[in-house]
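Everything below concerns the one structure shown next.
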Amino acid sequence: MSAAKQNGSLLKVEDLRVYFGKRRAPVRAVDGVSFSIQPGESVGLVGESGCGKTTLGRAIMRLVDVHSGRIDFAGKDVAPLNNRELQAYRKRVQMIFQDPYGSLNARMSVGNAIQEVMQVHRMGGRAERRKRAQDLFHAVGLDPGYMDRYPHEFSGGQRQRIGIARALAVDPQLIIADEPVSALDVSVQVQILNLMKDLQREMNLAYLFVAHDLAVVRYICDRILVMYLGKIVESGTPDEILTRPTHPYTQALLSAVPDVDKGLKSRTQGSDRIILKGDVPSPTRLIPGCPFHPRCPIAKDRCRSEVPELREIRSGQWSACHFAE
Ligand code: SF4
């Protein structure tokens, strides 16, 4: 069963599992995830820290080993790709990180960092690459005159713009953005999200936008996947997820999103806030029944023994809760 649109997918992930550690008691970081992304579509992946969303992004990039399942990009299985094919794949699928500073070489000018990625993928000559880097600087709202400066000479928001320019340098079709704005001030977050939206429209980019904050993904995404303990527990459009969430975990995440009418107060003090009991259970231990039942405020006997299937509750909205209706 899948929560995904399938036809004409750019990316199709099927029953993907990524396990780490001991064979007898592995950490089930990603545990049977299926979804797809269409060309030009923006899909948000949300959940608490440690739910497996970053590992899922890294598995799609083939940066971690997959236990089982399948990842197709443009109709082709990425598992058997050799080094040369993998390089071509990574030209089409780029990643943006939470901390672009960590992914930039402190001793290389930012202009050279952008040109370097084009050189790795054998794009154009030196003059062509420099011209393209200038155009990209311009496209992300930076003065191309700053290209010879070093990463430490830029603010966090500017460095994220440089990270975006570098990802765009090789003309990708899909960008996996891993918490790209969570380290930034709110006003800068909005600027970066607006930039990403504009670039998406202009270049028909698809995004897998990984974040812990529903408020961020609702701003940029066409569809939202909610992840808990390595599994997708709900998916739907931002409108459905935000106005009619059917899974108690989504409802708890949503209750922590600030209400613009009430201000940030509701994030900490609002009477509607759902406080989840306990910690996220260990991903090494298989829990009988619904994986969310130890923390679920409405768990019933059935939840402790029967695993809820991810099923379509209403057109386009899927939920893994026995009582989603
Ligand atoms: Fe809660 Fe039960 Fe639904 Fe799981 S199946 S989310 S425990 S009500």
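A single entry from L174, L184 fulfils the requirement of being among the aliphatic types (A, V, I, L, M), at pLDDT 95 or above and in contact with a helix residue (DSSP H, G or I) (Cβ under 9 Å, 6 or more places away or on another chain): L174.
If you filter the range 274-312 down to residues that are more than 9 Å from the ligand (Cβ to nearest atom) and crowded, with 18+ Cβ neighbours inside 10 Å, you find that the one that is modelled with the highest pLDDT is L310. A single member of G47, G52 is modelled with pLDDT under 95, within 23 Å of E309 (Cα to Cα), in contact with a Phe, Trp or Tyr (Cβ under 8 Å, 6 or more places away or on another chain) and small (G, A, S), and it is G47. The number of residues in the range 224-256 being farther than 24 Å from R201 by Cα, in contact (Cβ under 8 Å) with a residue 60 or more places away in the chain and not in a helix (DSSP H, G or I) comes to 12.
The values are calculated or read from the model by the stated rules, or taken from the named source; none is laboratory data. Source: prediction; values computed, not measured. With ideal geometry, Cβ positions are generated from the backbone for all residues, glycine too; neighbour counts draw on all protein chains shown.
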